[in-house]
1. Where q = 0.16 Å⁻¹, what log10 of I(q)/I(0) comes from the Debye formula for the chain, counting one point per Cα?
2. Quick one: angle between helix 95-106 and the longest Cα principal axis of the chain, in degrees between 0 and 90, rounded to 10, please.
3. When N is the residue count of the range 73-169, what does its C-alpha Rg come to as a fraction of 2.2 N^0.38 Å?
4. For the range 21-146, just say rounded, prolate or oblate: build the C-alpha gyration tensor, square-root its eigenvalues into a ≥ b ≥ c, call rounded for a/c under 1.5, and beyond that prolate if a/b exceeds b/c, oblate if not.
5. Can you bin the range 162-233 into rounded, prolate or oblate? Criterion: square roots of the alpha carbon gyration tensor eigenvalues sorted a ≥ b ≥ c, rounded for a/c under 1.5, prolate for a/b above b/c, oblate for the rest.
6. Keeping every protein chain in place, order Asp206, Asp35 by accessible area at 1.4 Å, biggest value first, i.e. largest first.
7. Would you look at the GNM of the chain, springs on alpha carbons closer than 10 Å, and say which of Ala160, Ala20, Ala100 moves the most?
8. Please identify the GluC sites (Glu not before Pro) of the range 139-241 that satisfy two criteria: DSSP loop assignment and at most 10 other Cβ atoms within 10 Å. Which are they?
Amino acid sequence: MGPTIGVFDSGFGGLTVLRALLPLIPGARYLYLGDTARLPYGSKSRETIARYAVSSAKFLLEQGAEHLVVACNTATALALDEIKAALPIGVTGVIEPGAAAAARGVGDGSEGHVLVLATAATVQSGAYTRAIGAHGMAVTERACPLLVPLVEEGWLDASAETAAVTAEVLRIYLASAQKDAPGATTLLLGCTHYPLLTPMIEATLDRLNYPLAMVDAAQATAEAVGAHFPRSAKGRIEGTSMHFFATDSVEKFRRLGSRFLGQGLERVELIDLGG
Ligand code: DGL
């Protein structure tokens, strides 16, 4: 039997990290909690984010998690220390692996300048500036508070007219970032929802003539988690099980979640973690 790995996010976005974990740690029992009733975390205070994140982490511990992945940038930025202090198991957040991946992408790091797009709370915390700065690279952070609701609404489908709204919002954010950081080399998506916008982001960067190399923080995080576990069952995923918990509508979790996971979500359970 493989390990039991808890994966936690404020909502659906952390499923992109779970998606990257599946081939890396096959045979594991995955428990995923999306705290959808209390999402978004990204516009809340540090105290509230820490309280929500610790209660979510404890829930996964009670369900048998042997390792916890905080697959939420905001919870990692604002509450990783509190979560670690509250849990007697290994905890991996998304910020250190993302920062290390950005540094690797730049090579020796000496010329690197990373643009980070994230929620307002993550940007305010300065966590990415510290983590990327530790690799000797310059950092510009930009809060993009409208992107999470647009992704939640599913305004991504290039063939639908609603996507034009998302594209215009992205253009405004990226054009203003370009003014502040014209020499940036690398783009780090510091929010779990943003990978779903990757094709639109690439198209916008092209249009702005702003060539940035994109870092896949979900993949980097999955690799950091994988380092904790032997890869004996590499290539086989038959024994893998996934059990999902959501604090709000199971139907919505299934519908939106499949976009992030890239496959259907079968076992989804509604839970109540209070306010
Ligand atoms: N999961 C959050 C993050 O990665 C985005 C959604 C929210 O604001 O709760 O920052």
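The values are calculated or read from the model by the stated rules, or taken from the named source; none is laboratory data. From a predicted model like this one, the values you see are computed outputs, not experimental measurements. Glycine also receives a Cβ, built like all others from the backbone with ideal geometry; neighbour counts cover every protein chain displayed. Quick note on the areas: whole protein, heavy atoms, side chains included, nothing else; ligands and nucleic acids left out. Shrake-Rupley method; radii C 1.70, N 1.55, O 1.52, S 1.80 Å.
1. -1.25
2. It works out to around 40 degrees.
3. Working: Rg = 16.1 Å, N = 97, 2.2 N^0.38 = 12.5 Å.
In units of the 2.2 N^0.38 Å rule of thumb, it is 1.29.
4. Details: a/c = 2.13, a/b = 1.38, b/c = 1.55.
Because a/c hits 1.5 or more and a/b fails to exceed b/c, the range 21-146 counts as oblate.
5. Values: a/c = 3.26, a/b = 2.02, b/c = 1.61.
Judged from the Cα gyration tensor, the range 162-233 comes out prolate (a/c at least 1.5, a/b above b/c).
6. On the way: Asp206 125, Asp35 0 Å².
From most exposed to least exposed: Asp206, Asp35.
7. In this elastic network of the chain, the residue with the biggest mean-square fluctuation among Ala160, Ala20, Ala100 is Ala160.
8. On the way: sites: Glu141, Glu152, Glu153, Glu161, Glu168, Glu202, Glu223, Glu238; in loops: Glu153, Glu161, Glu238.
Listed in order of number, the matching sites are Glu161, Glu238.
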